[in-house]
Number of protein chains: 2
Amino acid sequence: MQTLKVDLGERSYPIHIGEGLLDQPDLLTPYIAGRQVAIISNETVAPLYLERLSRSLSAYSVISVVLPDGEAHKNWETLQLIFDGLLSARHDRRTTVVALGGGVIGDMAGFAAACYQRGVDFIQVPTTLLSQVDSSVGGKTGINHPLGKNMVGAFYQPQAVLIDTTTLNTLPPRELSAGLAEVIKYGLICDEPFLTWLEEHVDALRALDQVALTEAISRSCAAKALVVNADERESGVRATLNLGHTFGHAIETHMGYGVWLHGEAVAAGTVMALEMSQRLGWISAQERDRGIRLLQRAGLPVIPPAQMTEADFLEHMAVDKKVIDGRLRLVLLRRMGEAVVTDDYPKEILQATLGADYRALAQLKG
Amino acid sequence: MQTLKVDLGERSYPIHIGEGLLDQPDLLTPYIAGRQVAIISNETVAPLYLERLSRSLSAYSVISVVLPDGEAHKNWETLQLIFDGLLSARHDRRTTVVALGGGVIGDMAGFAAACYQRGVDFIQVPTTLLSQVDSSVGGKTGINHPLGKNMVGAFYQPQAVLIDTTTLNTLPPRELSAGLAEVIKYGLICDEPFLTWLEEHVDALRALDQVALTEAISRSCAAKALVVNADERESGVRATLNLGHTFGHAIETHMGYGVWLHGEAVAAGTVMALEMSQRLGWISAQERDRGIRLLQRAGLPVIPPAQMTEADFLEHMAVDKKVIDGRLRLVLLRRMGEAVVTDDYPKEILQATLGADYRALAQLKG
């Protein structure tokens, strides 16, 4: 087992990573203050792991709330089911909310914990690669609004994160690939040697090699923890974690939540960020192609939806949270392994990026 | 004009109190970081003051969202109208949300500011006595749930609070009295000389004497700011501000939100707390009666609803946020001008308090 510490002063918390941690209650009990625990899960994950986790927490008064699965349900109506469950069971402000599932469950359970009685304790037990390397670290919680993704939420830190790597054995391959999009992102934005490691191990990761997975998760969490430590509330460097996300969110919003997986949209968005960085002269065509090839080998889409026009992208990106006083800031690569956040670029280059022939780029790498 | 400072480190903020402050934009502009402002008001207050405030803020890009009036609308559906307005107008994370109205508007606009894009700036412009002396100080925001009042919310501090005392000229007398319930509360819990001052000035306050109102608001805000400074997140002494509220919330929940005004329910709840403190031998019958008489002179109800049984009270109080691990903590008076929070009392005394003859007590004072 490896343990990382996310250092945020009095809101610091540990991330435990290893095999079979679901069966080790001693890892969680130090972080549960009261006697009540509410496990929030979904219809897919609950049948696989809810009973095991409940057994580990049998020293407490445990309730569970099982939500419908998927990004399409990341809305207020589903969030209400959590509040209904907590209030019906009379959970008080010393309850601990435990998120058992992927990023959607983590975002909703975390936001529910942030709001319930103005804030109760929260523990993350992420069961997808994406949530293990991304959404369980950093304190972002929230729900979607019909007019934009993650528009309603809170910065709220968990007491602890427990990552049992064996939960990936039941993850559909498409979701494993979606998680790899975020793993590859860390290499692109801040860790060029990790990119090389990933090129060597991407096949092992897709084959669920536990040693490779543990290393990839640990390295990704460490990279994210480092960035979050430096900038908890996303005023500066933290925004680089959103490489590919502004383009990606536009894809998700336009296609309807849940049609493209988040990681898939990020992958196509990352290709657009690579293309724009190349057009700005910051990385070479060979470097751009290196990124595209690695995303392809991870089983990810590298071509934005054919039906999306430049106008579609611009419309959706205009409500992005990175818009400050009307100017759209983008995360781009100054070089491989170094991202920057900037609104200082010619509009024509953004337009050319939105209109580029990604089908041709993808085939060149095929 | 008087200015108090609520001292919370980097989240400190000023409270300006005085006549005609709505027309003084210089008091607000130092606290508006971006170019966008969203004024949240309701159907009652907007016709009276929205245009004046908008004119004061004409240097900014201002939108307004006018909500239906009343506690009955303090729910998610109404909150969504704020998010809809912000997103439709493409307000970004540098927007400032301004609450123009009473406590319900402050609670909802504040919670919307806490959640919108995970947190934007917030300014309070309270227009009722209750919100001026209570809900605009202390950072509590939130909405109701069918199973409990204020069950979903956030601790979120404003950038500034602007109190224009002339807005009370348009306040219905019943709401002025409701505000006086909280004013009297400060005397009871921490400022016995203020009780004496109130006994001398309660008629002037009800007659809207501006000098008396300014003094009462200022003294109330100072008392609350002092308590909040000492205990921002309500782990200890801050809970004394809830004198009468646990009983009062039970009344509000049972009768349906909006049937009793919050201050009215708090007044009847305060009488119950006085009665219980007397039964515990902490205050004399004369002191209890002194409190009841002052509440009556302020135009407030001092008898709980006749149809509420002991069981009704106990059921509603069981979901109160002051329940810790199954024990109900109550705010009681150790002596006049000193409140304590305790779960150390004989159950029989609580039961006797719930079953006391408040009609007789009220008539004795009549």
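The values are calculated or read from the model by the stated rules, or taken from the named source; none is laboratory data. Computed from a predicted model, the values in this text were never measured in an experiment. Methodologically, a virtual Cβ is constructed for each residue, glycine included, from the backbone with ideal geometry; neighbour enumeration extends over all protein chains shown.
Looking at region A:43-81, which of its residues are buried (at least 22 other Cβ atoms within 10 Å of the Cβ) and over 21 Å from the mean Cα position of the chain (by Cα)?
Passing the criteria: A:Leu53, A:Val65.
Does B:Ala89 satisfy the condition of being within 28 Å of A:Arg327 (Cβ to Cβ), in the same structural domain as B:Gln124 (by TED's automatic domain parsing), out of contact with any Asp or Glu (no Cβ under 8 Å at 6 or more places or on another chain) and not polar (S, T, N, Q)?
Values: within 28 Å of A:Arg327 (Cβ to Cβ): yes; in the same structural domain as B:Gln124 (by TED's automatic domain parsing): yes; out of contact with any Asp or Glu (no Cβ under 8 Å at 6 or more places or on another chain): yes; not polar (S, T, N, Q): yes.
Spelling it out, B:Ala89 is indeed within 28 Å of A:Arg327 (Cβ to Cβ), in the same structural domain as B:Gln124 (by TED's automatic domain parsing), out of contact with any Asp or Glu (no Cβ under 8 Å at 6 or more places or on another chain) and not polar (S, T, N, Q).
Restricting to region B:76-109, count the residues that are in contact (Cβ under 8 Å) with a residue 40 or more places away in the chain and under 19 Å from B:Gln132 (Cβ atoms).
Residues that pass the stated criteria total 12.
Among what's in region A:214-229 and is within 16 Å of A:Thr128 (Cα to Cα) and aliphatic (A, V, I, L, M), pick the residue that is surrounded by the most Cβ atoms within 10 Å (Cβ to Cβ).
Ranking the candidates gives A:Ala216 first.
If only one of B:Val202, B:Val183, B:Val228 is over 26 Å from B:Ser284 (Cα atoms), in a helix (DSSP H, G or I) and of a type in the set (A, V, I, L, M, F, W, C), which one is it? Steps first, answer last, please.
On the way: B:Val202 fails: over 26 Å from B:Ser284 (Cα atoms); B:Val183 fails: over 26 Å from B:Ser284 (Cα atoms).
Answer to the selection: B:Val228.
Within region A:131-150, track down each residue that is touching a Leu at 6+ places or on another chain (Cβ under 7 Å) and either at pLDDT below 95 or surrounded by fewer than 22 Cβ atoms within 10 Å (Cβ to Cβ) (or both). Full working, then the answer.
Of all residues in region A:131-150, those touching a Leu at 6+ places or on another chain (Cβ under 7 Å) come to A:143, A:145, A:147-148.
Passing the criteria: A:His145, A:Leu147, A:Gly148.
Which condition number does A:Ser54 fail, the rest of (1) under 20 Å from A:Ala33 (Cβ atoms); (2) part of a helix (DSSP H, G or I); (3) within 14 Å of chain B (Cβ to nearest Cβ) being met?
That leaves (3) as the condition not met.
Every residue, every condition in (1) buried (at least 21 other Cβ atoms within 10 Å of the Cβ); (2) outside the structural domain of B:Gly269 (by TED's automatic domain parsing); (3) modelled with pLDDT of 95 or more; (4) within 16 Å of B:Leu274 (Cβ to Cβ), yes or no:
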position	(1), (2), (3), (4)
B:Asp289	no, no, yes, yes
B:Gln296	no, no, yes, yes
B:Val302	yes, no, yes, yes
B:Arg329	no, no, no, no
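Between A:Glu19, A:Glu71, which is modelled with pLDDT under 95, over 19 Å from A:Ala154 (Cα atoms) and assigned by TED's automatic domain parsing to the domain that holds A:Leu147? Lay out the reasoning, then the answer.
Numbers: A:Glu71 fails: over 19 Å from A:Ala154 (Cα atoms).
The conditions single out A:Glu19.
Let me spell it out: the conditions are (1) assigned to a helix (DSSP H, G or I); (2) under 21 Å from A:Tyr116 (Cα atoms); (3) not acidic (Asp, Glu), and B:Val319 meets all of them except one. Which number is the exception?
So the condition that B:Val319 fails would be (1).
Can you pull out every residue in region A:202-215 that is at pLDDT 95 or above and in contact with a Leu (Cβ under 9 Å, 6 or more places away or on another chain)?
A:Val202, A:Ala204, A:Leu205, A:Arg206
Residue by residue, here is whether (1) in contact with a Leu (Cβ under 6 Å, 6 or more places away or on another chain); (2) free of Cβ contacts under 8 Å to residues at least 12 places away in the same chain holds:
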{"position": "A:Glu19", "(1), (2)": "no, no"}
{"position": "A:Leu22", "(1), (2)": "yes, no"}
{"position": "A:Asp26", "(1), (2)": "no, yes"}
{"position": "A:Ile39", "(1), (2)": "yes, no"}
{"position": "A:Leu48", "(1), (2)": "no, no"}
{"position": "A:Asp69", "(1), (2)": "no, no"}
{"position": "A:His73", "(1), (2)": "no, no"}
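Consider region A:328-363. How many of its residues are under 25 Å from the mean Cα position of the chain (by Cα) and within 29 Å of A:Pro193 (Cβ to Cβ)?
17
Would you mind stating whether A:Asp92 is among the acidic types (Asp, Glu) and within 22 Å of A:Gly153 (Cα to Cα)? Write out each step before concluding.
On the way: among the acidic types (Asp, Glu): yes; within 22 Å of A:Gly153 (Cα to Cα): yes.
So A:Asp92 fits the description; yes.
Mind listing whichever residues of region B:289-314 are free of Cβ contacts under 8 Å to residues at least 24 places away in the same chain and assigned to a helix (DSSP H, G or I)?
Once the filter is applied, which keeps residues that are free of Cβ contacts under 8 Å to residues at least 24 places away in the same chain and assigned to a helix (DSSP H, G or I), region B:289-314 yields only B:Ala311.
Out of the residues in region B:86-107 that are more than 9 Å from chain A (Cβ to nearest Cβ) and polar (S, T, N, Q), state the one that is farthest from B:Ser41 (Cα to Cα).
B:Thr95
Out of (1) surrounded by 24 or more Cβ atoms within 10 Å (Cβ to Cβ); (2) charged (D, E, K, R); (3) within 14 Å of the chain's Cα centre (by Cα), the odd one out for A:Glu275 is which?
The single condition A:Glu275 does not satisfy is (3).
Taking A:Ala112 as the residue in question, decide whether it is under 26 Å from A:Leu168 (Cα atoms) and touching a Leu at 6+ places or on another chain (Cβ under 8 Å). If you could, list the steps in order and put the result at the bottom.
On the way: under 26 Å from A:Leu168 (Cα atoms): yes; touching a Leu at 6+ places or on another chain (Cβ under 8 Å): yes.
Criteria met by A:Ala112.
Can you tell me which residue is nearest to the other protein chains (Cβ to nearest Cβ) among those in region A:108-137 that are within 17 Å of A:Tyr13 (Cβ to Cβ) and within 10 Å of the chain's Cα centre (by Cα)?
Top of the filtered list is A:Ser135.
Could you name every one of the strands (runs of 3 or more DSSP E) located completely within region B:82-155 that has at least 1 residues being in contact with a Lys or Arg (Cβ under 6 Å, 6 or more places away or on another chain) and on the phi < 0 side of the Ramachandran plot? Can you show your working first?
Numbers: elements: B:96-101, B:121-126, B:140-145, B:148-155.
Strands (runs of 3 or more DSSP E) meeting the threshold: B:140-145, B:148-155.
Against the condition touching a strand residue (DSSP E or B) at 6+ places or on another chain (Cβ under 9 Å), surrounded by fewer than 22 Cβ atoms within 10 Å (Cβ to Cβ) and at pLDDT 90 or above, how does A:Glu192 come out, does it pass? Give the derivation first.
Numbers: touching a strand residue (DSSP E or B) at 6+ places or on another chain (Cβ under 9 Å): yes; surrounded by fewer than 22 Cβ atoms within 10 Å (Cβ to Cβ): yes; at pLDDT 90 or above: yes.
Yes, satisfied.
Among the residues of region B:336-366, what is the count of those that are part of a helix (DSSP H, G or I) and at positive phi?
Our first condition is that a residue be part of a helix (DSSP H, G or I); within region B:336-366, this holds for B:347-354, B:358-365.
Within this subset, residues satisfying the condition of being at positive phi are none.
Residues in region B:336-366 being part of a helix (DSSP H, G or I) and at positive phi: 0 in total.
For region A:238-264, give me the residue count where each residue is part of a helix (DSSP H, G or I) and within 12 Å of the chain's Cα centre (by Cα).
Let us first name the residues in region A:238-264 that are part of a helix (DSSP H, G or I), namely A:238-242, A:245-255, A:262-264.
With the extra rule that they be within 12 Å of the chain's Cα centre (by Cα), the set shrinks to A:241-242, A:245, A:262-264.
The qualifying residues number 6.
Can you tell me which residue among A:Gly142, A:Gly179 is touching a residue at least 12 places away in the same chain (Cβ under 8 Å) and assigned by TED's automatic domain parsing to the domain that holds A:Gly34?
Within the list A:Gly142, A:Gly179, the selection yields A:Gly142.
So which residues in region A:66-85 are within 14 Å of chain B (Cβ to nearest Cβ), aliphatic (A, V, I, L, M) and under 18 Å from A:Gln36 (Cα atoms), if there are any at all?
Selection gives A:Leu81, A:Ile82.
Condition check: buried (at least 17 other Cβ atoms within 10 Å of the Cβ) and either over 30 Å from B:Pro193 (Cα atoms) or outside the structural domain of B:His201 (by TED's automatic domain parsing) (or both). Does B:His262 satisfy that? Reasoning before the result, please.
On the way: buried (at least 17 other Cβ atoms within 10 Å of the Cβ): yes; either over 30 Å from B:Pro193 (Cα atoms) or outside the structural domain of B:His201 (by TED's automatic domain parsing) (or both): no.
For B:His262, the condition - buried (at least 17 other Cβ atoms within 10 Å of the Cβ) and either over 30 Å from B:Pro193 (Cα atoms) or outside the structural domain of B:His201 (by TED's automatic domain parsing) (or both) - is not met.
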